[in-house]
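These notes are about the structure you will find just below.
The values are calculated or read from the model by the stated rules, or taken from the named source; none is laboratory data. Note that the structure is a prediction, hence the values are computed from the model and not measured. Using ideal geometry, Cβ is built from the backbone for each residue, glycine included, and neighbour counts are taken over all protein chains shown.
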Amino acid sequence: MGKKYAAVRIVETEAYIGEHDPACHAFGKVTNRNSVMYGQEGRAYVYFIYGNYYCFNAVCGKEGVGNAVLIRAGEPAEGIEIMRRNRPDVKSDIELTNGPSKLCMALNIDKKLNGADITDPDSKVFITGDSGIKDFEVNVSRRIGLNKGEDFPYRFFIKDNPYVTKHKFNKEIINN
């Protein structure tokens with residue numbers, strides 16, 4: 001019998017930092033949609049986008065301040081057969097999880113996990129701090145896919161990792 005869970009190493013993220021950030025869902029005011037962002041750190045903020053997809057964020061900041069980090073891409077580490085079943089039309093394993101909505105589809109993350117405690121190993125979605133990989137370089141770029149707040153250098157990704165979203169900013173890094 002195969003794995004009962006799927007896991008990825010996070011290889012790409014984007015930060016969304018509070019009310020000064022026009023691309024952050026916390027820009028403006030607390031709503032039903034973004035209220036999890038203002039809650040306890042270590043919670044999942046999952047939202048529906050483009051009428052068809054989900055995106056998964058880790059809430060990270062003081063209560064009362066809307067901050068979250070979008071998990072943009074992951075490298076399959078466990079249960080790749082589950083990810084393939086969840087995304088049967090994908091032709092390449094790299095395309096299973098190389099984007100925020102692709103990652104959610106592969107890991108079966110949806111709105112039901114909004115507010116879940118991502119620090120609890122028994123949660124259906126869990127983030128741990130140690131991937132076991134020690135030798136890698138993190139690059140920083142502008143965020144992608146936005147029409148406001150795109151100039152902030154809040155996108156972080158592992159250099160040369162094939163699971164990182166393909167984008168011109170992968171070469172236009174800020175930290176080198």
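Exactly one residue out of 131, 141 is small (Gly, Ala, Ser), modelled with pLDDT of 90 or more and over 15 Å from the mean Cα position of the chain (by Cα): that is 141. One residue stands out in the range 1-38 among those that are within 17 Å of residue 96 (Cα to Cα) and among the hydrophobic types (A, V, I, L, M, F, W, C): the one that is surrounded by the fewest Cβ atoms within 10 Å (Cβ to Cβ), namely 7. For residue 5, indicate whether it is assigned to a loop (DSSP other than H, G, I, E, B), of a type outside the set (Lys, Arg), under 28 Å from residue 82 (Cα atoms) and touching a strand residue (DSSP E or B) at 6+ places or on another chain (Cβ under 8 Å). Considered against the rule, which asks whether it is assigned to a loop (DSSP other than H, G, I, E, B), of a type outside the set (Lys, Arg), under 28 Å from residue 82 (Cα atoms) and touching a strand residue (DSSP E or B) at 6+ places or on another chain (Cβ under 8 Å), residue 5 comes out as yes.
Annotation: of all residues in the range 92-107 being part of a loop (DSSP other than H, G, I, E, B) and in contact (Cβ under 8 Å) with a residue 60 or more places away in the chain, the one that is surrounded by the most Cβ atoms within 10 Å (Cβ to Cβ) is 97. Restricting the first member to the range 118-146 and to residues that are within 19 Å of residue 15 (Cβ to Cβ), and the second to residues that are among the acidic types (Asp, Glu), the beta-carbon pairs closer than 6 Å and six or more apart or on different chains are 142/150; 142/151; 143/14; 143/150.
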